[in-house]
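Notes follow the structure.
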């Protein structure tokens, strides 16, 4: 059994189509306002006089890229530590799950998480979050988001194996720095990737997250 | 802001007021007991003590409105190992129990004065632990406007300020009650009540000074890690912030001076009463506005 399941996201392959977000919503039957996987778009740059002929040429360095974000099933999950009822637990395979029968609906995990993973269901009065499609995993299938990606930008596996294969990058804008929770995520950066907290751009689709 | 956030404002303000009242009353009881004996001290504080319980109970009831699934509320003390929220609820319940035990012992005069004192000190220490864990709940790196040393300092200042002025109002009510039984109010009780009110006035002015250092410090500390919060506090919510400062300044400062003067001169009972009630009301509104701003200006670090 895996010790720490993790997602791999290839930002250089992602075209921002959001099929992963929709596949997740469909598979998990998520209501309006709740999206366990979301595609954040980040961009920046502008028009600048060209260094060699500033009088003649105005060039642009505008860039944008997408970041598919779900629960990071962190190695040091702030939500699990914050939860007053032990409704949030980290399984032996690293997956962070919420037991809704135990949840008191205080939303404290929502404050604690830097990735917006725990989301509140108003109708039920309890928190919900990405389950890593543990039901599909148990049947030997892949998470819905991974299988839906037309660009094959999403993968999953054991964190140490993903790191050996793709490197250790896990903090690219608009994600926060990784030191808070040690996210189980491996990113293959986009060519315009901006390091967390040092980005020159901004989140472009905040209202739809 | 919605019902859930107002539930948190109500809970934190009332719980802090009850802890502060309990501590202030304990201090007064100790000094009066030393000066004029156990009997006078008990007579002075017993009625005020009974007002604290309902305040705490009301606050804790309000906290349930914050929950999406209150039926599971009893499970919220099961993660004491890592969750400050669990610890907050644990100390809240423990303070309620210890305070109630002490109130019953004091009311029925169970056990000796010394044993009752020990129970009271224990309850006060639990109260301090409650206010500390209330502050620690908000000390999370994902909430940069809260994760500052000013959060615990402000919570303790609110605790004492509301405690002093709530007890001021309670003592004035007690004064009128004693006076109605003993017209002219020449008894030692009346002198002790007036003395206490003078000290409350001094304490509220000192605490106001402390708060007027803390608030600019909060804005200054926020400016780095939570620029948006600081901007909201002086921009979008600038009017509320100004009102918050004005209410506390008028209540604790200006009326504090009037209270000191009125309590110093016998024959000014009516003024003293009105001033003490008004000071409490103004500071309560000011502190509620302050707590509102605490939540309303919060920003999140990372994706939300």
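The values are calculated or read from the model by the stated rules, or taken from the named source; none is laboratory data. These figures come from a predicted structure and were not determined experimentally. Backbone-built Cβ (ideal geometry, glycine too); neighbour counts: all protein chains shown.
Scanning the range A:183-203 for residues that are surrounded by 16 or more Cβ atoms within 10 Å (Cβ to Cβ), outside any strand (DSSP E or B) and out of contact with any helix residue (DSSP H, G or I) (no Cβ under 9 Å at 6 or more places or on another chain) yields A:183, A:189, A:190, A:192, A:193, A:194, A:196, A:199, A:201.
Looking at the range A:14-120, the helices (runs of 4 or more DSSP H) lying wholly inside it that each contain 3 or more residues that are touching a residue at least 60 places away in the same chain (Cβ under 8 Å) and in contact with a helix residue (DSSP H, G or I) (Cβ under 6 Å, 6 or more places away or on another chain) sit at A:19-27. Residue selection: residue A:155 fails the criterion of being in contact with a strand residue (DSSP E or B) (Cβ under 9 Å, 6 or more places away or on another chain) and within 10 Å of another protein chain (Cβ to nearest Cβ).
Of all residues in the range A:50-67, those that are away from every other protein chain (no Cβ under 12 Å) and surrounded by 15 or more Cβ atoms within 10 Å (Cβ to Cβ) total 3. Just checking, does the range B:254-273 include any residue being more than 20 Å from the chain's Cα centre (by Cα), closer than 19 Å to residue B:300 by Cβ and without any contact (Cβ under 8 Å) to a residue 24 or more places away in the chain? No; the residues of the range B:254-273 include none that is more than 20 Å from the chain's Cα centre (by Cα), closer than 19 Å to residue B:300 by Cβ and without any contact (Cβ under 8 Å) to a residue 24 or more places away in the chain. If the condition is being touching a strand residue (DSSP E or B) at 6+ places or on another chain (Cβ under 6 Å) and closer than 15 Å to residue A:12 by Cα, then the range A:158-169 contributes A:166, A:169. Determine, yes or no, whether residue A:146 is over 22 Å from residue B:85 (Cβ atoms) and under 18 Å from the mean Cα position of the chain (by Cα). When the stated conditions are applied, residue A:146 passes them.
Which of the residues that make up the range B:78-92 are more than 7 Å from every other protein chain (Cβ to nearest Cβ) and either more than 24 Å from the chain's Cα centre (by Cα) or modelled with pLDDT under 95 (or both)? Passing the criteria: B:80, B:81. Restricting attention to the range B:58-77, the residues that are loosely packed, with under 14 Cβ neighbours inside 10 Å and either within 11 Å of chain A (Cβ to nearest Cβ) or at pLDDT below 95 (or both) total 3.
Candidates B:79, B:69: the one that is in contact with a strand residue (DSSP E or B) (Cβ under 6 Å, 6 or more places away or on another chain) and over 21 Å from residue B:167 (Cβ atoms) is B:69.
Scanning the range A:121-152 for residues that are buried (at least 19 other Cβ atoms within 10 Å of the Cβ) and either within 14 Å of chain B (Cβ to nearest Cβ) or at pLDDT below 95 (or both) yields A:126, A:127, A:128, A:129, A:130. Could you tell me whether any residue of the range B:47-61 is part of a loop (DSSP other than H, G, I, E, B) and without any contact (Cβ under 8 Å) to a residue 24 or more places away in the chain? So far as the range B:47-61 goes, no, none of its residues is part of a loop (DSSP other than H, G, I, E, B) and without any contact (Cβ under 8 Å) to a residue 24 or more places away in the chain. Identify, from the list B:28, B:55, B:32, the residue that is away from chain A (no Cβ under 14 Å), under 17 Å from the mean Cα position of the chain (by Cα), within 15 Å of residue B:167 (Cβ to Cβ) and surrounded by 21 or more Cβ atoms within 10 Å (Cβ to Cβ). None of the other options fit; the residue is B:28. What about residue A:115, is it over 17 Å from residue A:70 (Cα atoms), buried (at least 20 other Cβ atoms within 10 Å of the Cβ) and within 14 Å of another protein chain (Cβ to nearest Cβ)? No; evaluated as a whole, the condition is false for this residue. Restricting attention to the range A:86-106 and to residues that are at the interface with chain B (Cβ under 7 Å from one of its Cβ atoms) and touching a strand residue (DSSP E or B) at 6+ places or on another chain (Cβ under 6 Å), the residue that is farthest from residue A:209 (Cα to Cα) turns out to be A:103. Here residue A:37 meets the list (1) modelled with pLDDT of 95 or more; (2) more than 18 Å from residue A:131 (Cα to Cα) almost entirely, failing just condition (2). What are the residues in the range B:261-304 that are in a loop (DSSP other than H, G, I, E, B) and more than 14 Å from chain A (Cβ to nearest Cβ), if any? Residues satisfying the conditions are B:265, B:266, B:267, B:268, B:297. Going by the structure shown, is residue B:133 within 14 Å of chain A (Cβ to nearest Cβ), in a helix (DSSP H, G or I) and either buried (at least 23 other Cβ atoms within 10 Å of the Cβ) or at pLDDT 95 or above (or both)? Yes: the conditions hold for residue B:133.
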